[in-house]
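The block underneath contains the structure these notes are about, expressed in structure tokens.
Just so it is clear, none of the values below were taken in a lab; they were calculated from the coordinates. Since we're looking at a predicted model, the values are computed, not measured. Glycine also receives a Cβ, built like all others from the backbone with ideal geometry; neighbour counts cover every protein chain displayed.
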Amino acid sequence: MILAGAAAGVAAAFNTPLAGIVFAIEEVSRSFEIRTSGLIIGAVIAAGLTAIALGGNYSYFGSTAEMLAYGWSWLAVLVCGMLGGLFGGLFARILILFAYGLPGRIGDIIKRYPVWFALACGILVAICGYISNETTFGTGYISARQAVHGTARLPFMFTPLKFLATTFSSISGLPGGIFSPSLSVGAGLGSDVAQFFPSSPMGPIVLIGMVSYFTGVVQAPITSFVIVSEMTDNHQMLVPLMLAALIANACSKLVCREGIYHALAKRYLAPSMT
């Protein structure tokens, strides 16, 4: 039921029913019973129909048909894949570490004063927002959408500040989500990398950055390139997105052995299984 609810949430939140199913299948393949597939597909269908009825049929980031030009521009796939995988894996490892509790005196202090720790994290999130002129607040949807369509180049500091803001928010005990903020961090990464490829349009490299970082966080490469393709209604970029996802997935495993959702699910389910 948890997995079906998660898949339905992905499908409804971003109007990406195929990504919802693929996300569930990738998570199922790790350890869960494959017999749940009927329940998952049914939940995704219901969520998708409800979302369309309420909000209409739309692309989350709007439609784009830009492609990555052949040639040196394909180096962006390698660069984004490696950077996105490593930093996405680092983010996942930090969240898993705090979820299970830090060892030693620091961990004891956090457990003893959780409200003060959350307050400190909130202050750090606010500082990141102040430095970035409030662009790191929320999910970062507007900034990511502008980068996808090439209407605005994100400042270089957006990526590290959004990474830090999302990390502080998540470890505080009051997470603001992982999906959308991860896509925003990836968009910032792609925007930064695109500056080294001035002859290529920025939009396709931004999409590659989104897939790379998101794959690094969740270690679900198929879900990553499917959800970005559905969000932008762009099927011309499938091959470079697939390649970036595979590179990012391999790099992420160098930093974090396990996908974040699977690791957190085991942590939350542990009390009920004992």
Show the residues, 5+ positions off or on another chain, whose built amide H is closer than 5 Å to the amide H of S200.
none
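I need the fraction of alpha carbon pairs in segment 126-197 separated by more than 18 Å, rounded to a whole percent. Intermediate results must be reported in sequence, preceding the final value.
Working: 775 of 2556 pairs.
Summing the P(r) tail past 18 Å for segment 126-197 gives 30 percent.
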So, in nm, how far is label V239 from label K111 when the simple model puts each one 7 Å beyond its Cα toward the Cβ?
5.4 nm
The FRET efficiency for L75 and K253, from their Cβ-Cβ distance with R0 = 30 Å and rounded to 0.05, is 0.85
Among 258-265, 182-189, 232-239, 106-113, how do they line up by average Cβ neighbours within 10 Å per residue, starting with the highest?
182-189, 258-265, 232-239, 106-113
Kirkwood hydrodynamic radius of segment 98-245 from all distinct Cα pairs, in Å?
16.0 Å
